[in-house]
Amino acid sequence: ELDAMAEIASALERHEDAKGFAAHAQELREKINEVFWHEEDGFYYDRSEKTGKLNLIKSIAGFMPLWCNAATPDKADRIIKEHLINKDEFWLKYPIATWAKTEPDYYHEKKDCCNWMGATWIPTNYMVFRGLVSYGYTDIARELADKTFEMVVSEADLREYYDGENGNGQGRNPFWGWSSLGYIMKAELEGGFSHSDLKAEDFVHLEGFHF
């Protein structure tokens, strides 16, 4: 958000504001790496506000530093290669699991369970997808876009979230919200579209895109 504000301020020629937003964003990036990174595990963990210690549970939150460009190149490489595309953890048949499959309370078709403890959600897929593109992991981004698209078109209507092991839609039915991003990822990648580009002439026109 701070990056977006810096870009908007710059476009409005409010250069001091732009510098302030950019500096604040960089400060947060440094804090993310200082506070949440676990060197031994090669992963970003949540931290307990009660104890001040890291919660050593692998969840989709560990990949959000890719989305906000906080991960250093070496850390990005580790979380992608050691965890994201690890089929025993997050890279299920239809990735990305929101809770590593190696966690003892991983969710799979269980009732009365938190649906963020394993289910695949399209908005977080999209965030990681944009991070992969940003860091140059285009082949993995393309595979994620393809698998996400295959999952969302497998049913007549979009669903709130999905079972990553079989692609079955779950939650609200139909759900015309963020799950529509599953249609857009392939188009963005193939058209070279950037969701954050303010220059109208650089926006790709998707009318002729065929899925």
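Just so you know, all these numbers are worked out from the coordinates, no wet-lab data involved. For clarity, every value in this text was computed on a predicted model and none was experimentally measured. Cβ: placed from backbone, ideal geometry, glycine included. Neighbour counts: every protein chain shown.
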### Message
Suppose only helical runs count, i.e. DSSP H with n ≥ 4. What mean residue ellipticity at 222 nm does that imply for the chain under -39500 (n - 2.57) per run, divided by all residues and rounded to the nearest 500 deg cm²/dmol?
### Response
-11500 deg cm²/dmol
## Note on the structure
Given Cβ charges of +1 for Lys and Arg and -1 for Asp and Glu, the option among A187, T124, T138 whose Cα lies farthest towards the positive end of the dipole of the chain is T124
### Query
How high is the FRET efficiency between N166 and E40 when r is their beta carbon distance and R₀ equals 22 Å, given to the nearest 0.05?
0.05
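Considering Cα pairs under 8 angstrom that are at least six residues apart, work out the relative contact order of the chain and quote it in whole percent.
Once normalised by length, the contact order is 13 percent.
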### Task
Might you report the magnitude of the Cβ-based charge dipole of the stretch 3-84 about its Cα centre, with Lys and Arg at +1 and Asp and Glu at -1, to the nearest 20 debye?
280
### Message
Need the full-extension length gain, V153 to S194, defined as separation in residues times 0.36 nm minus the C-alpha distance. One decimal, nm.
### Response
12.4 nm
### Task
Can you figure out the FRET efficiency of H24 with W116, using R₀ = 45 Å and their beta-carbon distance, to the nearest 0.05?
0.95
### Mean separation of Cα contacts under 8 Å (6+ apart) over length of the stretch 92-184, as relative contact order %
31
### Query
GNM on the chain, C-alpha springs below 10 Å: top fluctuator among L181, L144, L28?
L28
### Query
With springs only between Cα atoms under 10 Å, which of R29, R142, R172 fluctuates most in a Gaussian network model of the chain?
R172
### Cα centre as origin, Lys/Arg/Asp/Glu Cβ charges: the chain dipole, Debye
420
### R0 of 22 Å, Cβ-Cβ distance K87-L56: FRET efficiency to nearest 0.05
0.55
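Is the shape of the chain rounded, prolate or oblate, going by the alpha carbon gyration tensor and its root eigenvalues a ≥ b ≥ c, with a/c under 1.5 for rounded and a/b larger than b/c for prolate?
Oblate is the answer for the chain, as a/c is 1.5 or above yet b/c matches or exceeds a/b.
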#### Entry: Long-range HN-HN contacts of D46 with modeled amide H, under 5 Å
N55, I57
### Query
Label points 7 Å out from Cα along the Cβ direction at R47 and E13: separation in nm?
4.1
#### Entry: Fluctuation leader among S154, S194, S48 - the chain, Gaussian network, Cα springs under 10 angstrom
S48
